[in-house]
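Student: One structure follows; several queries about it will come next.
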Amino acid sequence: MRNEYLDELVSSGTLHSYYYCNIDENLNEDKVSQYRNAERLILRFHDGKKLKLDTTCTGINENTKILIFP
């Protein structure tokens, strides 16, 4: 999936790259779950570090999980 704002951050040199996709209940990327809406965003920085954000909405509960990788 593409995002205009994130594309601009890459074009300006603020971010090295990003990856944005849907995930299913088994955390498989580029899959749409029949049970919940979930997305993954991975931001890659110029120093090689990345920030991974997974969002999940399951009915009335909204959970956000942030994982930071070295």
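The values are calculated or read from the model by the stated rules, or taken from the named source; none is laboratory data. Worth saying up front: this structure is predicted, and the values here are computed from it rather than measured. Counting neighbours? That spans all protein chains shown, and the Cβs are built from the backbone with ideal geometry, glycine included.
Student: How many residues are modelled with pLDDT under 75, surrounded by 11 or more Cβ atoms within 10 Å (Cβ to Cβ) and farther than 16 Å from residue 1 by Cβ if we restrict to the stretch 13-63?
Tutor: Qualifying residue count for the region: 5.
Student: Among the candidates 29, 39, single out the residue that is under 11 Å from the mean Cα position of the chain (by Cα) and without any contact (Cβ under 8 Å) to a residue 12 or more places away in the chain. Steps first, please.
Tutor: Details: 39 fails: without any contact (Cβ under 8 Å) to a residue 12 or more places away in the chain.
Step by step, each of 29, 39 is checked, and only 29 is under 11 Å from the mean Cα position of the chain (by Cα) and without any contact (Cβ under 8 Å) to a residue 12 or more places away in the chain.
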